[in-house]
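> Please read through the structure below; I'll follow up with questions.
Every number here is computed from the coordinates shown, using simple stated rules; none is lab data. Treat the numbers as computed from the prediction; the structure is a model and nothing was measured. Reconstructed Cβ throughout: ideal geometry from the backbone, glycine too, with neighbour counts over all protein chains shown.
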Amino acid sequence: MKTLNLHVDYIKFKPLKKALKNIPDLPEKEMQEQEIKEALVVLTAVEKSDTDVKAVVEKYIENIKDIAKQVNAKNIVLYPYAHLSKELGSPEIAQKILIKAEEELKKLKFKVIHAPFGYYKEFELKVKGHPLSELSREIKIETVGTKTEEKYEPKQLLREISKSKLDTSKLKENDHRILGKQMNLFSFNEVAPGMVFWHSNGFVIRNELINFERELMKKSGYQEIATPQILDKKLWQISGHWEKYKENIFLSEYEKRDFAVKPMNCPGGLLVYKNSPKSYKDLPLKAGEFGVVHRQELSGVLGGLFRVMQFTQDDAHIFCAEKQLEEEISKVIDLVDLIYSKFKFEYSIELSTRPEKRIGSDEIWDKAEKSLKNVLDKRKIKYKTNKGEGAFYGPKIDFHLKDSLGRTWQCGTIQVDFSMPERFELEYADKNNEKKRPIMVHRAVYGSLERFIGILLEHTNGRLPLWLAPIQVRILNFTDRNKKYSEKILKQLEEEIPTLRVDSDFASETIPSKVKDAEIMKIPYILVVGDKEEKSGKIAVRNNGKIESIKVDKFVKMIKEEIFSRQ
């Protein structure tokens with residue numbers, strides 16, 4: 001069984017028509033739209049292995065009770081959701097499990113709503129957005145006996161891993177998955193579900209975004225660090241992630257010790273701070289990390305670059321004194337605005353306050369929340385307040401980007417944390433050489449680089465600014481007799497702008513065909529060289545459908561300025 005547990009402000013659903021023939025008709029009342037507020041929605045897929053109904057229900061109830069307790073939910077919505085699995089069990093077993101689970105939950109004094117089984121349904125919900133509001137679970141019942149390992153031939157294995165095909169029939173033309181394929185940016189494969197295979201072109205975009213932020217960080221006094229991918233269980237117990245987040249962490253074992261593949265970068269950053277004594281003169285200490293993290297998600301909720309299991313976070317942790325806190329928060333807001341404005345993104349801001357399940361005293365939560373609110377109010381920034389939806393270690397400001405379909409995605413964040421420095425016993429010496437505890441500010445701008453790139457591709461329809469484009473210039477020859485002159489121009493561009501990403505298409509095909517190929521790849525500048533250009537010493541420059549005939553030297557000067565100013 002696989003489940004996705006969503007803590008929601010509300011869920012609305014309405015049966016539309018039967019998905020299974022043998023399902024009885026619903027009464028007219030149950031065919032109407034239902035709305036349930038303040039609920040834990042348990043999207044559930046019953047699988048082929050779920051044959052022991054009693055054992056599955058027991059474990060299912062145990063998981064629901066655990067999550068409901070953590071998020072303080074009294075209303076439970078059991079929602080059959082086949083899309084979470086490709087190994088679905090029989091409808092008969094699935095219904096038995098859901099009906100029995102509903103009965104048992106009601107005995108535990110939960111209010112339970114069981115969405116109709118075997119019907120196509122439309123639904124709308126609003127997830128709360130706190131750290132425990134989206135939790136995936138896989139429920140397995142151990143069976144007696146050992147499964148014999150199947151034997152495969154290499155060719156058979158190769159056929160298995162080559163099955164992944166993208167169904168584009170229901171996607172919009174500017175969907176980043178279609179653009180990614182057209183522009184040869186990235187791919188996915190079942191051998192690593194929810195993990196991106198970056199192709200050379202896509203890796204260029206990723207690295208250019210990192211370099212852009214890296215330059216801004218250097219100007220703002222950040223150090224850059226890197227911490228290990230796999231860390232001992234003890235570290236995650238100290239940080240609190242083991243208790244709050246274990247189900248979403250990839251686990252491993254080495255020499256009888258439990259290890260976790262990091263789902264967050266912060267505990268590693270805390271150890272870097274702790275490695276040597278610090279003075280008030282070292283503060284604020286800003287440590288940035290473009291860290292790769294892994295988080296378990298169910299395959300049914302993965303969605304291109306928007307929802308992945310492995311992603312790169314542009315994390316930074318700012319360790320500061322209390323009197324420096326508001327200034328540092330304000331500087332992060334400036335950095336976020338600078339980067340989002342560069343891409344002409346619309347964004348909104350939300351302030352999330354203390355959740356019921358948290359670490360730290362009310363006193364430090366008061367200080368943390370006040371610092372974030374003060375900065376927003378002093379700067380006259382419009383924001384929405386989400387009560388009870390902060391991280392378990394501190395309140396936060398989140399930045400939500402609007403995509404091309406009007407959907408919003410949480411990307412940037414600023415989190416004020418008094419608790420982890422306490423748990424890790426961080427210190428610095430003040431002017432009187434007395435030991436003081438620093439405050440930790442967690443911050444990210446892109447958030448997930450993968451998600452940010454997906455939003456950016458759709459926002460621009462793949463027509464990225466020149467400095468970000470994987471291929472910036474392509475040279476096309478009109479006929480074979482123009483090839484030599486075209487090669488001369490190519491060499492000149494490479495010599496005058498060594499970092500220019502320029503290629504050529506000298507194939508014996510028509511110019512319209514070669515231009516079309518370059519347009520599909522969304523190459524900003526397409527240079528066409530024919531007899532006319534060779535005779536005049538100029539080039540025909542095609543940019544966004546407009547064509548201009550100019551001297552090579554002028555073109556070099558123009559794109560140099562465009563690239564290095566990151567227009």
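> Run the dipole for the chain about the Cα centre, Lys and Arg Cβ at +1, Asp and Glu Cβ at -1, nothing else charged, and hand back the magnitude in debye, nearest 20.
740 debye
> Something else now. Any of Lys69/Lys140; Lys48/Lys121; Lys491/Lys538; Lys54/Lys128 with alpha carbons more than 25 Å apart? Name them for me.
On the way: Lys69/Lys140 22 Å; Lys48/Lys121 23 Å; Lys491/Lys538 15 Å; Lys54/Lys128 32 Å.
The answer is Lys54/Lys128.
> Considering only Cα-Cα distances, which of the following residue pairs are longer than 30 Å: Lys65/Lys234; Lys218/Lys246; Lys246/Lys396; Lys286/Lys382; Lys262/Lys560; Lys218/Lys551?
Numbers: Lys65/Lys234 26 Å; Lys218/Lys246 35 Å; Lys246/Lys396 22 Å; Lys286/Lys382 27 Å; Lys262/Lys560 40 Å; Lys218/Lys551 37 Å.
Pairs exceeding the cut-off: Lys218/Lys246; Lys262/Lys560; Lys218/Lys551.
> Among Thr460, Leu298, Pro498, which residue has its Cα positioned farthest towards the positive end of the charge dipole of the chain, with +1 placed on the Cβ of Lys and Arg, -1 on the Cβ of Asp and Glu, and the dipole taken about the Cα centre?
Thr460
> State the Cα centre-to-centre distance between the range 357-400 and the range 307-354 in whole Å.
About 13 Å separates the Cα centre of the range 357-400 from the one of the range 307-354.
> Still on this structure, I have one more. With both partners inside the chain, how many of the DSSP beta bridges are antiparallel, as a percent to the nearest 5?
Values: 83 of 108 bridges.
Of all bridge pairs located within the chain, approximately 75 percent are antiparallel.
> Any idea which of Leu88, Ala518, Pro277 is furthest toward the positive side of the dipole for the chain, if Lys and Arg beta-carbons carry +1 and Asp and Glu beta-carbons -1?
The one lying farthest along the dipole's positive direction is Ala518.
> Could you size up the charge dipole of the range 2-138 around its Cα centre, putting +1 on the beta carbon of Lys and Arg and -1 on that of Asp and Glu, and report it in debye to the nearest 20?
Working: 25 positive and 22 negative charges, 36 e Å.
Around 180 debye, computed over the range 2-138.
> Using a Debye calculation, one point per C-alpha and no hydration shell, please list log10 I(q)/I(0) for the chain at q = 0.07, 0.09, 0.12 Å⁻¹ in order.
-0.53, -0.84, -1.26
> What does the helix-only formula give at 222 nm for the chain: each DSSP H stretch with n ≥ 4 adding -39500 (n - 2.57), the total divided by the residues, and the result rounded to the nearest 500 deg cm²/dmol? Before the final figure, lay out the partial values.
Numbers: 16 runs with 187 residues, N = 567.
Only helices count here, giving -10000 deg cm²/dmol.
> How would you rank Ile526, Ile550, Ile511, going from fewest to most other Cβ atoms within 10 Å of each one's own Cβ? Please report the intermediate quantities before stating the final value.
Numbers: Ile526 22, Ile550 13, Ile511 16.
The fewest-first ordering by Cβ neighbours comes to Ile550, Ile511, Ile526.
> Taking a cut-off of 13 Å between Cα atoms, list the aspartates and glutamates near Lys2, but don't count ones fewer than 8 places away on the same chain.
Once the sequence-local aspartates and glutamates are set aside, what remains near Lys2 is Glu47, Asp50, Glu87, Glu138, Glu247, Glu297.
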